[in-house]
Amino acid sequence: MSTEERSVTTQSPELTRGLKNRHLQLIAIGGAIGTGLFMGSGKMISVTGPAVIFVYMVIGLMVFLIMRALGELLLSNLHYKTFGDIAKDLIGPWAGFFVSWTYWLGWVVACVADIIAITSYVSFFNASIPPWIPALIAAVALTLLNLQPVKFFGETEFWFALIKVVAILALIGARVVLIATGFTNPDSGTRATFANLWDHGGMFPFGASGFILGFQMGIFAFIGVELVGTVAAETENPRKTLPKAINSIVARILVFYVGSLVIIMSITPWDQLAPDKSPFVTTLAYAGFGIAAAAINLVVLTSAASSANSGIYSGSRMLYNLALDGHAHRKLTFLTPQGVPRKSVFLTCVFLFTAIPLLYAGDGVVTAFTFVSSVCATLILFTWGTIVVSYIRYRRRYPERHAQSGFKLPLGRVAPWVVLAFFAFIIGALLYGEDTRAAVIAAPVWFGLLAVAWVARKRRLAREGRPITRSIPVTVHPLDDERSPARSVPPSDIR
């Protein structure tokens with residue numbers, strides 16, 4: 001047996017809490033500002049009109065409720081490291097298996113899409129560069145970044161998120177000046193005013209159908225906000241930092257999504273924005289700021305890199321925990337002395353290189369992007385849904401933990417059911433759209449494969465005389481007294 005294999009079987013690997021409060025806060029911001037805000041908002045506006053504002057507000061409210069539920073669950077037991085741990089403890093081992101592999105797959109697919117997107121942004125600056133070169137460089141760079149201790153991941157995401165925040169705030173500020181000075185578009189003669197929001201067909205120019213279509217595209221923009229729950233396992237003092245990060249989500253959505261689009265459509269009426277171009281570029285280009293195109297493309301490039309970097313981190317940690325449970329190969333539990341699950345990172349990053357052959361798929365790549373986004377949306381709905389169902393089970397099974405919680409989900413009896421009803425609506429919206437219908441129809445195939453894999457894994461563990469999942473100790477910690485030492489009560493193995 002090799003040294004690495006002995007370390008897997010004789011050590012109890014633990015992820016290190018190397019992320020500080022500023023890391024978690026900026027990661028929360030980065031997760032709340034998805035690439036969909038830059039890439040997909042133009043198309044959303046073209047099919048929804050000003051109603052896109054209400055779409056983002058509704059989705060943002062639901063995401064906030066999901067994150068509050070997740071926050072209460074994570075703080076109820078600090079031995080929960082991922083959504084998989086929560087699901088297997090509160091729903092059952094099969095649920096942990098399903099949600100962990102589904103979340104891992106979702107990020108793998110999203111990371112491949114981000115790598116391809118990076119190549120398109122690089123071509124904006126120099127179209128003569130062969131597309132495989134930036135794809136290869138991005139894949140190698142992201143792999144190396146994620147092989148570093150978690151504090152390096154935190155620093156990288158801190159600066160990636162800071163670039164996005166500064167860029168959006170600067171663009172909002174510039175547009176506010178245009179509105180205040182009564183800027184007039186030299187091409188159309190349209191004056192910048194808030195009345196543009198309702199003077200071009202009203203707030204709902206496409207009626208209910210356009211409003212529904214906005215949801216099927218808008219949900220993709222919020223993928224990644226749940227990353228706060230994953231990084232909490234490696235954050236110092238999560239009882240203080242996690243509530244701050246989650247509670248600030250509402251303000252971030254109102255500023256970065258609602259606020260920025262209100263100002264954009266006030267300067268340039270929604271029906272004059274090109275669906276295939278970023279509205280963040282278009283409005284400033286009309287004002288004579290031609291350099292805005294280059295600046296925004298650079299920001300979107302870093303946004304795509306940030307998304308891929310977060311996806312590798314989150315996916316590798318999920319894979320690591322699957323291996324700890326015996327639901328993936330045991331070698332994936334190996335940690336470096338710095339606490340990095342190196343083999344899980346490598347396996348996750350291998351799939352990044354599949355972006356290179358996809359670059360030469362011809363016109364099918366554009367269609368593939370639409371399919372990929374809808375696949376990711378479908379998979380993330382399952383993950384978010386599992387969090388909500390886990391919360392319902394948590395309140396029923398551990399009423400004493402809920403009563404002692406210092407970070408309760410508002411309207412905890414009603415909110416989970418409202419969110420689940422909203423998810424049913426989103427599934428209907430995805431089925432309603434021709435471009436997104438295929439992804440929803442294909443989802444049962446994936447879950448069917450998972451069911452077969454789950455049965456096979458249970459049989460193998462039974463033959464080896466091992467429990468079907470790793471036990472999760474219970475953290476006994478008075479939530480209102482941080483000075484009290486925490487202690488763990490280990491339960492018996494789940495069989």
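Using a 1.4 Å probe and counting only protein heavy atoms, arrange R463, R397 so the residue with the most accessible area comes first. Could the numbers behind the result be given before it?
Working: R463 180, R397 100 Å².
From most exposed to least exposed: R463, R397.
Label positions at F353 and K408, each projected 7 Å from the Cα along the C-beta direction, are separated by 5.3 nm. Distant-in-sequence amide contacts of V474, defined by a placed amide H-H separation under 5 Å and a gap of 5 or more residues or a different chain, comprise V489.
Available extension along the chain between R459 and F54 is 140.9 nm, counting 0.36 nm per residue and deducting the alpha carbon span. Over 32 Å apart at the Cα level, from the set K244/K277; K81/K164; K88/K244; K240/K331; K151/K331, are K244/K277; K240/K331. If you bin all the Cα-Cα distances of region 85-227 at 5 Å, starting from zero, the percentages per bin are 2, 7, 8, 11, 14, 15, 14, 11, 9, 6, 2, 1, 0.
With R₀ fixed at 51 Å, the C-beta to C-beta distance from F425 to K331 puts the FRET efficiency at about 0.75.
For F54, F334, what's the largest-to-smallest order of accessible area, 1.4 Å probe?
On the way: F54 75, F334 30 Å².
These residues rank, largest area first, as F54, F334.
The values are calculated or read from the model by the stated rules, or taken from the named source; none is laboratory data. Keep in mind that this is a model prediction, so the values were computed, not measured. Neighbour counts are summed over all protein chains in view; Cβ atoms, including those assigned to glycine, are modelled from backbone coordinates with ideal geometry. Ligands, DNA and RNA are stripped out before the accessible areas are found, and what is left, the full protein with its side chains, is counted by its heavy atoms. Shrake-Rupley method; radii C 1.70, N 1.55, O 1.52, S 1.80 Å.
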